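The values are calculated or read from the model by the stated rules, or taken from the named source; none is laboratory data. As the structure is a computational prediction, the values presented were derived from the model and not from experiment. Cβ placement follows ideal geometry from the backbone for every residue including glycine, while neighbour counts extend to all protein chains displayed.
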Amino acid sequence: MYALGLVARWVHLTSSIFLVGASAMIVIAGPSDRSTARRWEHRILSSARGLAVAALASGLVVLAVQTALFEGRVAAALEVSAIGRVLVETQTGRVWLVRFGLLVLLAAFLVLRLSVDRRADWRAVRGEGVLLGAAALVPIAAAGHAAAVDPDTARAIAFDGLHVLVAGVWVGGLLPLALLLRTAATIEGADARPYAVLAARRFSRLALGAMVVLAVTGALLATIHVGSVAGFVGTSYGRLLLAKLVLLGLVLLLAAVNRSVLLARLAGDGPTVGRPAMRRLSGFVVAEGLLALAILAVVAALSVTPPARHEAPVWPFGLRLSIAALEGATAEATRTLVGSQVAVLGLVAMIAGVILRTWRLPLVALALVALGAGAGLALPPLAIDAYPTTYLRPSVPYQAASIASGAALYRESCAACHGSKGAGDGLAGLPLPRPPADLRAPHTAQHTAGDLFWWLTNGIPAAGMPGFGARFTEEQRWDLINFLRALSAGYGARGMGPTVEPDRRWLVAPDFTFAVGPTPPRALKEYRGRVVLLVLYHLPGARPRMSQLAGREGTLAALGVEVIAVPTDAAPDAIRRLGAEPRVLFPIVTEGAAAIVTAYRLFAASPHAEFLIDRQGYIRAIAQSRGEAAELETLLGQIQELNQEKTPAEAPPEEHVH
Amino acid sequence: MRRFLPAWVLGLTLLPTSALAHAVLVKAVPPQRATLAEAPPRVELWFNERLEPAYSRASVTDEAGAQVDLRDVVVSPEDAKRLSVSLPPLGPGRYTVRFRVLSVDGHVVESSLTFTIRSQR
């Protein structure tokens with residue numbers, strides 16, 4: 001079914017694109033009275049009729065396969081009612097209807113063979129062929145990956161539509177042009193030679209513009225659908241795209257030879273001039289056309305492959321390059337800086353070599369040497385060990401519940417070697433070949449979550465670290481990684497005090513879901529845009545402080561701060577125990593308190609702790625105490641400062657993952 | 001050829017190196033693996049792509065595998081990325097939410113999540 005769908009898509013895409021190109025090529029070449037030229041035009045028109053039939057037939061197969069996929073059963077492919085449902089109720093189906101209708105119109109139009117004896121009629125009829133072909137092709141963008149891009153759906157569809165339209169004119173025009181050149185290169189076709197040369201020149205100019213448009217829209221679409229180097233080399237979608245680019249490179253190479261060498265030889269008049277060149281050019285253009293067919297096969301495969309952005313990339317190399325490797329390494333940083341400057345010089349020389357004619361060879365040679373030397377100097381210090389999972393994104397979000405279950409797993413399985421606090425000082429770790437890592441160390445910036453996932457799964461044999469892939473589920477391993485992230489962040493937060501430091505946003509507040517009595521659960525994330533004061537309290541020790549906060553509820557509300565209070569003993573009757581006076585108006589967490597306490601205790605271990613979380617979701621100040629009453633003005637001042645802070649354009653915390 | 005070389009260089013530099021993780025299921029209420037004291041009135045699922053209502057389904061089953069939801073799956077008319085299904089008052093136990101959704105670009109995604117309702121004290 002998959003193979004059938006793929007072949008049908010390929011045939012459908014190719015015939016739809018070739019229809020546009022064939023009609024466009026006739027218009028590009030223009031009307032002619034020469035009999036050979038007219039014969040060519042008729043041959044192209046009759047193959048266009050064949051293409052239209054192929055597009056319609058393969059379109060039906062594509063629809064049937066889609067129906068089977070949507071319904072989840074193969075038999076649905078042949079059920080009229082199921083197909084009807086897809087046509088009416090899905091965007092894919094509606095787009096198909098529009099396109100199929102236009103294709104039928106185009107086919108009928110081609111079969112009618114309208115009279116084109118008058119020049120104006122010729123223009124109108126042939127032009128209409130191009131328009132109908134384009135109208136039937138472009139909406140394909142609204143049924144592809146671009147349709148699911150969000151936000152900016154319309155922009156993505158516009159890029160995609162432009163991309164296929166321009167590809168249609170260029171790629172689809174290749175084979176008709178080759179046929180024209182081949183015919184004109186024969187003895188009998190001599191009368192059409194000037195016509196063919198003119199057509200080739202016009203097409204070449206147009207193709208140049210087409211390539212620029214394709215490159216720009218293609219690059220924009222790649223940023224939308226792939227978005228990262230890892231996505232490019234580590235996913236099926238990215239690799240298919242790379243294959244497409246390699247094939248395109250070959251096409252461009254042929255196109256360059258055609259344009260700069262062969263086209264120039266077509267100059268001159270008289271029936272014999274340029275004949276061998278014309279034949280060779282037609283051969284090269286056919287080769288381009290065949291490569292284009294291969295490219296379209298790759299495109300068909302791309303259209304049924306989930307975009308790289310939605311996939312977990314598998315990094316194929318043992319190394320990756322990262323600026324983070326230079327942290328604290330001055331000599332290496334200098335080396336990289338020098339290397340990058342040498343490479344920039346090389347780049348300048350290369351640009352100069354491309355522009356200037358006189359010194360081209362020495363300049364390009366110099367550029368290549370400088371680029372090579374620059375890369376040789378700059379890149380090695382940037383190399384960091386990498387693993388297949390390096391760019392894997394955590395499938396479990398950084399949330400208190402996950403951190404808490406990670407903490408439990410850590411106590412059971414990791415603390416023996418890595419120590420109860422993660423310092424790498426566990427007794428069981430002493431006899432190992434390499435001392436267990438200090439998990440609190442700030443070097444974690446150099447390691448992605450995916451690196452940790454690899455080590456956890458497969459172990460580090462040389463260091464005596466066992467792999468836990470068989471013992472823990474994937475979810476549990478991510479829980480552990482979330483715990484380690486919180487542990488390391490908490491160690492880094494030792495110095496954080498009760499006052500806000502301007503523009504120091506780094507300590508991400510782990511998200512949590514909580515409920516207050518019978519109210520529906522809420523998430524910390526939903527409070528984004530407001531300052532949150534998260535209070536971890538314990539009765540009876542913190543009663544004075546809690547009474548004080550409750551008493552100033554009005555002031556806090558006026559400042560727009562949301563208070564969330566979490567009893568550290570996670571008592572289900574916490575609200576009742578706080579008592580009636582003074583009345584507590586802010587939420588007291590009754591559901592989910594245990595996980596919140598476990599996670600946030602990593603940032604502040606004191607009996608009573610108050611976390612000030614800014615509008616972007618970063619912890620900005622931590623006040624630790626025993627819960628005694630203290631003057632409230634400091635806290636109010638900090639809240640005011642956070643309220644007045646400008647919201648930075650920085651990424652929100654969930655995207656800020658190491 | 002030479003004339004469009006700069007466009008290629010530009011095209012290559014436009015590729016950003018940062019990655020944006022897109023989970024298919026963005027958010028769920030009740031959340032994945034949540035332990036609840038009260039039975040939720042419905043299950044709501046948020047996705048990162050707009051859904052085709054005709055081909056987006058979800059079901060809630062109990063530990064025995066019996067379907068317990070009210071079979072009224074609906075893609076929200078205001079927010080085409082949200083799928084929800086109502087629940088009757090459920091007793092304590094572990095429940096599995098299975099979903100199969102079709103996004104507007106014609107891709108089918110199937111997955112599941114679980115939540116637990118705690119027995120009342």
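Looking at segment B:80-102, which of the residues that are at the interface with another protein chain (Cβ under 9 Å from one of its Cβ atoms) and within 16 Å of B:LYS27 (Cα to Cα) is surrounded by the fewest Cβ atoms within 10 Å (Cβ to Cβ)?
B:ARG100
Out of curiosity, is A:VAL197 over 28 Å from A:SER15 (Cβ atoms), among the β-branched types (Val, Ile, Thr) and away from chain B (no Cβ under 12 Å)?
Yes: the conditions hold for A:VAL197.
Does any residue in segment A:215-238 that is within 10 Å of chain B (Cβ to nearest Cβ) come within less than 6 Å, Cβ to Cβ, of a residue that is crowded, with 21+ Cβ neighbours inside 10 Å and among the small types (Gly, Ala, Ser) six or more places away or on a different chain, and which pairs are these?
Listed by first residue and then by second, the contacts come to A:VAL226/A:GLY238; A:VAL226/A:ALA308; A:GLY231/A:GLY238; A:GLY231/A:ALA308; A:PHE232/A:GLY238.
Scan segment A:523-534 for residues that are in contact (Cβ under 8 Å) with a residue 60 or more places away in the chain and in a strand (DSSP E or B) and jot them down.
Residues satisfying the conditions are A:VAL532, A:LEU533, A:LEU534.
Being touching a Leu at 6+ places or on another chain (Cβ under 8 Å), modelled with pLDDT of 85 or more and either crowded, with 21+ Cβ neighbours inside 10 Å or not acidic (Asp, Glu) (or both) is the requirement here; does A:LEU578 meet it?
So A:LEU578 does not fit the description; no.
Hey, among the residues in segment A:71-84 that are touching a Ser or Thr at 6+ places or on another chain (Cβ under 8 Å) and assigned to a helix (DSSP H, G or I), which one's nearest to A:ALA134 (Cα to Cα)?
A:ILE83
In segment A:535-569, how many residues are hydrophobic (A, V, I, L, M, F, W, C) and in a helix (DSSP H, G or I)?
Adding up the residues that qualify gives 6.
Right, A:THR358: surrounded by fewer than 19 Cβ atoms within 10 Å (Cβ to Cβ) and without any contact (Cβ under 8 Å) to a residue 60 or more places away in the chain or not?
yes
Being at pLDDT below 90 and surrounded by fewer than 18 Cβ atoms within 10 Å (Cβ to Cβ) is true for just one of A:VAL88, A:VAL53, A:VAL61, A:VAL74. Which residue is that?
None of the others qualify; the one that does is A:VAL74.
Answer yes or no: is there a residue in segment A:558-576 that is in contact (Cβ under 8 Å) with a residue 24 or more places away in the chain and basic (Lys, Arg).
No, segment A:558-576 contains no residue that is in contact (Cβ under 8 Å) with a residue 24 or more places away in the chain and basic (Lys, Arg).
Between a first residue in segment A:71-94 that is more than 8 Å from chain B (Cβ to nearest Cβ) and a second residue that is among the charged types (D, E, K, R), which pairs have beta carbons less than 6 Å apart while being 6 or more apart in sequence or on different chains?
A:ALA82/A:GLU71
Go through B:VAL73, B:VAL68, B:VAL60 for me and flag whichever is more than 29 Å from A:PRO572 (Cβ to Cβ), at pLDDT 90 or above, in contact with a Leu (Cβ under 7 Å, 6 or more places away or on another chain) and more than 13 Å from chain A (Cβ to nearest Cβ).
B:VAL73
Restricting to segment A:380-439, and then to whatever is outside any helix (DSSP H, G or I) and among the aromatic types (Phe, Trp, Tyr), can you tell me which residue is surrounded by the most Cβ atoms within 10 Å (Cβ to Cβ)?
In this case the residue turns out to be A:TYR391.
Considering only residues that are within 14 Å of chain B (Cβ to nearest Cβ) and within 19 Å of A:PRO510 (Cβ to Cβ), which ones fall in segment A:572-589?
Scanning segment A:572-589 gives a single hit, A:VAL589.
Scan segment A:134-147 for residues that are at pLDDT below 90 and either surrounded by fewer than 21 Cβ atoms within 10 Å (Cβ to Cβ) or outside any helix (DSSP H, G or I) (or both) and jot them down.
A:GLY144
I'm checking my understanding of the structure. Among residues of segment A:242-295 that are hydroxyl-bearing (Ser, Thr, Tyr) and either more than 13 Å from A:ALA196 (Cβ to Cβ) or surrounded by fewer than 18 Cβ atoms within 10 Å (Cβ to Cβ) (or both), which one is modelled with the lowest pLDDT?
A:THR272
Can you report the number of residues in segment A:523-540 which are buried (at least 17 other Cβ atoms within 10 Å of the Cβ) and over 17 Å from A:ALA623 (Cα atoms)?
3
Report yes if some residue within segment A:508-523 is in contact with a strand residue (DSSP E or B) (Cβ under 7 Å, 6 or more places away or on another chain) and more than 30 Å from B:ALA39 (Cβ to Cβ); otherwise report no.
Within segment A:508-523, one or more residues are in contact with a strand residue (DSSP E or B) (Cβ under 7 Å, 6 or more places away or on another chain) and more than 30 Å from B:ALA39 (Cβ to Cβ).
Among the residues in segment A:593-610, are any surrounded by 21 or more Cβ atoms within 10 Å (Cβ to Cβ), within 26 Å of A:ARG411 (Cα to Cα) and at pLDDT below 90?
Yes.
Any idea how many residues of segment A:447-477 are part of a helix (DSSP H, G or I) and in contact with a helix residue (DSSP H, G or I) (Cβ under 7 Å, 6 or more places away or on another chain)?
Of the residues in that region, 7 qualify.
Please state which one of A:ALA158, A:ALA146, A:ALA142 is within 11 Å of chain B (Cβ to nearest Cβ) and over 16 Å from the mean Cα position of the chain (by Cα).
A:ALA142
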